[in-house]
Amino acid sequence: MAAASEVLRRSLPEEVGVSNGSSSTSEELHVLAVDDSHVDRKFIEQLLKISSCKVTAVESGTRALQYLGLDGEKNSVGFNDLKVNLIMTDYSMPGMTGYELLKKIKESSAFREIPVVIMSSENILARIDRCLEEGAEEFIVKPVKLSDVKRLKDFITRGEGEENEKRRILKRKMEDDVFSLSSQLPASDLVSSELESSTPSSTLYISTKRTKLLDRG
Amino acid sequence: MDGVIQLQRQLVDYTASLFHEGFLDEQFNQLQQLQDENNPDFVVEVVSLFFEDSERLLNELAKALEQQCVDFKRIDAHVHQLKGSSSSIGAQRVQKACIAFRNYCDEQNTEGCLKCLQQVKHEYSLVKTKLETLFKLQRRVLAAGGSIPKPI
C-alpha cells in the first residue's frame, strides 16, 4: 500500500486560486462502479450507499469512459460536476475488460490519479499481478465486503487528508512571507486566500481568514 | 400478539433451514445486512434481478447445447455469469452446480454439459421456490405488524 499512497501525493501547485465546490459534499466519496452483471451492479451500489458514498453504476468499460468524457467524443460539460474519487470495476466484461479500462484510465493525464480497484470472482495470481502492475490500487475477489469498502474509503480520505495538510503548510508559509512584506499595509487591503489543487482529480476548497494572522504580535 | 410471534418464529425457522440445507450461504446474510429503511426492498429487488438473469442464461444455455456445433467457449461464458450472480446472492447450491458445469465445458463434453444443465436448472428451480416462500413469510410478518429479524 505504501507504493499506492504515492499515487495520491502530487507535487504542490505553484499557482493558487479559488475552486468551486462540486455538487457532492466534500466528505462524500463519489464512486464509479463498472460491472456488466445486473445483480452485481445492484449489490455494489447498495454496499456503497450504505457506506455513505455517492455511486454511479455503469454496465461497461465503454460507458465508464463516456461518463468520464474519455471516449473521444466532445466533452459533455455536465458530467464533470461530480468528481470521481474511486473507480471500482469488474475484471471480466464483454467488449472492454476491466484491465483494458484500467489501462485507458492510467493513460489519461486527467484521470490517471483516480484510484482504480479491480473486482473479480476468480482468484488468478497472474491476473492480479497484471492489474497491480498496470496501476490498480487493489484487486478484490468477489463478493466485495463492507469491510473492503470501509478500507478503501479510509485509504482515500487519508490520502486527501495528507494533501490538505501539505496545503495548509504551504499556505502558512506563503502567508508568513506576504505578512512580512505587507506589514505596512492596512488590514483591508489584504485579501483572504483560498487554495486549490490545479489538478482535476481533487476539488478541495480551503479558505482561511487572513485577519487572524494579523492578530499575531 | 401471539400471531406475530408465531409468524416470526416460522420465518426464523424457515430461514435457518435454508442455510442448514445449503440452499443459502453467508452471502445472503450480507444482503440482508445491507437492507435498511431507505432501501427496504433491497433483498427482494436484487433476488428478482437474479431470477431474471438466471432464466435468460438458462435459456441461452439450452439453445447453445442444441446446436450442431457446440460453442463451449460461449457456454462457459454463460455459466461463468450464472455462477457469479448466484454467488453474489448466496445461492450456494446453484453456484456449486455451475462449478461442475464449467469442468465439463473445459473437457468439451456435451453429454456432461447437458447433465449439468439439468442439475443447474433443478437447483435453480428449488432455490427460487424457497426464496419466494421466504419472501411470502416475510410479508406476512410485516402485515401482522411484526418486523423481520436481522441476521446476527
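The values are calculated or read from the model by the stated rules, or taken from the named source; none is laboratory data. Just so you know, these numbers come straight off a predicted model, no measurement behind them. Because the Cβ atoms are built from the backbone with ideal geometry, glycine has one as well, and the counts that use them run over all protein chains shown. Only protein heavy atoms, including side chains, enter the accessible area calculation; ligands, DNA and RNA are left aside. Shrake-Rupley method; radii C 1.70, N 1.55, O 1.52, S 1.80 Å.
Below, the figures for the structure above:
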item: Partner chain coverage, peptide A:34-40 - average Cβ within 10 angstrom; result: 6
item: Vicinal HN-Hα couplings computed from phi for the range B:113-125 (Karplus, 6.51 cos²θ - 1.76 cosθ + 1.60; Hz; Gly/Pro x); result: 4, 4, 4, 5, 4, 4, 5, 4, 4, 4, 5, 4, 4
item: Accessible area buried, both sides summed, chains B and A with 1.4 Å probe, Å²; result: 1600 Å²
item: Relative contact order of chain B, defined on C-alpha pairs under 8 angstrom at six or more residues apart (%); result: 34 percent
item: Karplus-derived 3J(HN,Hα), 6.51/-1.76/1.60, for each residue of the range A:103-113, Hz, glycine and proline x; result: 4, 4, 5, 6, 7, 8, 5, 6, 10, 4, 8
item: Residue-by-residue Karplus 3J(HN,Hα) for the range A:116-127, coefficients 6.51, -1.76, 1.60, Hz, glycine and proline x; result: 10, 10, 9, 10, 8, 7, 10, 9, 10, 3, 4, 5
item: Largest to smallest accessible area among B:80, B:122 [probe 1.4 Å]; result: B:122, B:80
item: Above-threshold pairs, the threshold being 27 Å between Cα atoms, out of A:54/A:106; B:63/B:96; A:150/B:73; A:106/A:153; result: A:150/B:73
item: GluC sites (Glu not before Pro) restricted to DSSP loop in the range B:44-152 with at most 12 other C-beta within 10 Å; result: B:107
item: Amide proton proximity set for residue A:140, modelled H, under 5 Å, gap of 5+; result: A:118, A:119, A:120
item: Residues along the range A:44-64 losing 20 Å² or more of accessible surface when the other protein chains are present rather than the chain by itself (probe 1.4 Å); result: A:46, A:50
item: Built amide H within the under 5 Å cut-off of residue A:86, gap 5+; result: A:30, A:32
item: Residue A:55 long-range amide H proximity, modeled H, under 5 Å; result: A:31
item: Selection from B:94, B:57, B:67, by position along the positive dipole direction of the range B:1-98 (Cβ); result: B:67
